[in-house]
Amino acid sequence: MVRLRSILLFLLLFKSFGSIIAEEEDQIEQFSEALLLRPLPDRKVLAHFHFESKVPPTRTHGSHHHLFPKSIYQLVHKFRVQEMELSFTQGRWNYARWGGYDPISSRNAKPPGVELWATFDVPQHQVDASWRNLTHALSGLFCASINFLESSTAYSSPQWSFKSFATNIRYGTLPREAVCTENLTPWLKLLPCRDKAGLSALMDRPSIYRGFYHSQRLHLISNEFDLAAASSGMVLEQTLTVVLQPVTLGSGMTSSVGSIQQPSWSLSTLFGRKVSGRCVLSNASNVYVQLEPDLVSELKTTSETQQQSDVGNLISEAWSDMSFEMSESAVRVIKEANGFLKESSLLYEFSLENYSDSRPFDLEFRWKRPVTWSSQLAPLQARRFLMGSGNERGAIAISLKSVGRSEYAKSSVNEEGRCLLRVDVFQVVPWYVKVYYHTLKVFLDERLHSLADVVERTNVSPSEDKVSPGLMEIALRLPCDVHSVILTLEFDKGFLHIDEYPPDANQGFDIPSALIRFPGIKTKMDLFEDKSACKSPILSKLQEESPVLWYTEVLLVPLTTPDFSMPYNVITITCTVFALYFGSLLNALRRRVDEEERLLKNKAAKPSGPIGVLLSKLSAKLRGKPLEPPPPSSSSKVSYKLILRVILVAGIAAAWQYFYG
């Protein structure tokens, strides 16, 4: 009995000690880094960097931090930011080739330029002021033109496109913002090791910016101001998504049947650098290689040693018998099991714990035979274009085409026995593009349908000249078997003041990308038998459900522009006339006539010398004329000429001022 009591007491103490350790771990700052590499079907490679910093709440941990960036912490508390997302993107995500139905594309495929949205924990009348202050702070922090979003004509207030029925949210975008190293350097300074150690050391500027797509993203979640709920502090997520064209390793680009082989690659060929170990301040530093479901299915059919229907041989160590090989051995292989897809993707995990400067990590991925596959696509492919011609009016058209995959219907909304697919459309247009929202037309399979049968709800905010842009949010109910959907909106082109035109006005004016959202279709990764997945933030993020998103193209609208050379011509001729007028006037006023006459008389009376006299006599003799003395100067003629010149210039100036002034 005594022994039983002692055992129970020991178990209670051990449990309480474990809970104390767990609470202490929750109350410390955490930082993790990860890199996900994925071969793409069009002979490119996707590199996705993921960094996450966590800090406990201020009321329990204090305001002094060791890992969390101080500048972000000050922004949150200064402007009471609840959630914020900022992205700098160069290029456009190719949904048809790189995929549109996976967590990477849904969260990290962003529109070109700068996109910013934020929610604030302030009263409604203070949201606009907090937004303006936040844009100025972020502009100075990231060396960008984000402060241009402070104007009321540059941001809007969506209702359900980003946060469900949030009233304190603001959204703005700058499609023409150029992304360069001046934006990447401040972004890297937010990391504890910056770009000196860990996976961030791979971010060689020339290697990153020569890619086909580059998007750096910053997502912040804070519940510091929610006193009722249990506060978990702040979570800062930094991601960098790059699509690179690898430099081919070795020869042998084609097979015997003539098909093109995928290029082999390594970290050194992609980024020009190797990883010299992990960041010492990170809790986890891992590299993942992901094989898409269609690629796994293709490997099962093309591999000569693959005889079974499961994926067991892919997980085995027989790398030389497969269609590819990797230079490093994976720590573990994680299998994904989706609900309705035929195959699942694979994740090969590599840890950086045992690598250092003397033994750097340089993963090499080498293909052994040609393999072709396709990425997972969204249920509908979206396109947006302009219709009409001229400088007066036009129309915006959004086209949605089905990809022909019936398995998406299982995730759609069912109402009254019908299979319906819900699609949300979010679009912001500048104020000088005057959209007539009552002209909205919806065509299903090239047939016009009534809006009451297709539109579930709308949120429309018409634009106001030089005050606010136009906002449109539409929730559509579409049949699951629809093949094509076209939405059209007519608009008139406005006129701007000459001071409102940009320096490159003849290039055209940008309409930001529209957002197509599928709220009924979620994307995530279901990992099999991965008990430690919660310890890896990137795997936890990939397992979170998120709706499928699709950003359309940026439209370029030509507006009526004045002839900017006319002001230049008027300014130059006016300046010329004034220069002649004031030059002659000053010349007449400053000239001393008496002194000039005295100088001329002295010059005439002064002998020119024996040589001059001899030359004059010789010249007169050669001409056969007598030597004549120099005529005396006439001051009256000079005075009359000056007076006439001044009167002429003054008359021209007066006439110009009368007719053109």
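The values are calculated or read from the model by the stated rules, or taken from the named source; none is laboratory data. None of these values were measured; they are calculated from a predicted model. All Cβ positions, glycine included, derive from the backbone under ideal geometry; neighbour counts span all protein chains shown. Note: accessible area is taken over every heavy atom of the protein model, side chains too, but ligands, DNA and RNA are not part of it. Shrake-Rupley method; radii C 1.70, N 1.55, O 1.52, S 1.80 Å.
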In a solvent-free Debye calculation with one equal scatterer on each Cα, what is log10 I(q)/I(0) for the stretch 409-499 at q = 0.12, 0.24, 0.25 Å⁻¹, listed in the order of the q values?
-0.46, -1.22, -1.28
Neighbourhood net charge (9 Å Cβ-Cβ; Lys/Arg +1, Asp/Glu -1) for L116
-1
FRET efficiency (R393, L599; Cβ distance; R0 60 Å; to 0.05) is 0.20
Suppose each label sits 7 Å from its Cα in the direction of the beta carbon; what would the T574-R43 distance come out to in nanometres?
6.0 nm
Checked against a 24 Å limit on the C-alpha separation, the offending pairs among K434/K522; K196/K541; K163/K466; K335/K524; K54/K274 are K434/K522; K196/K541; K163/K466; K54/K274
Provide the solvent-accessible area of Y568, counting protein heavy atoms only and rolling a 1.4 Å probe, rounded to the nearest 10 Å².
150 Å²
Counting sequence-distant residues (5 or more places) and residues on other chains, those with an amide H built under 5 Å from that of R384 are S399, E553
Using only the heavy atoms of the protein chains and a 1.4 Å probe, how would D226, D481, D102 rank by accessible area, largest first?
D481, D226, D102
When DSSP assigns beta bridges and you keep just the ones with both residues in the stretch 59-170, what percent turn out antiparallel, to the nearest 5?
100 percent
What figure in square angstrom, to the nearest 10, would you give for the accessible area of C419 with a 1.4 Å probe?
50 Å²
Hey, can you grab everything whose amide H is under 5 Å from the amide H of R393? Only 5+ residues off in sequence or another chain; H modelled, so Pro and N-termini drop out.
K493
What does the convex hull of the Cα atoms come to per residue for the stretch 470-551, in Å³?
205 Å³
In Å², nearest 10: area of E182 left accessible to a 1.4 Å probe:
110 Å²
Table column - 3J(HN,Hα) (Hz), the stretch 371-388, Karplus curve with 6.51, -1.76, 1.60, x for Gly and Pro
9, 10, 7, 9, 7, 6, 10, 5, x, 10, 9, 9, 9, 9, 8, 9, 10, x
Summarise the long-distance tail of P(r) for the stretch 47-200 by giving the % of C-alpha pairs beyond 27 Å.
28 percent
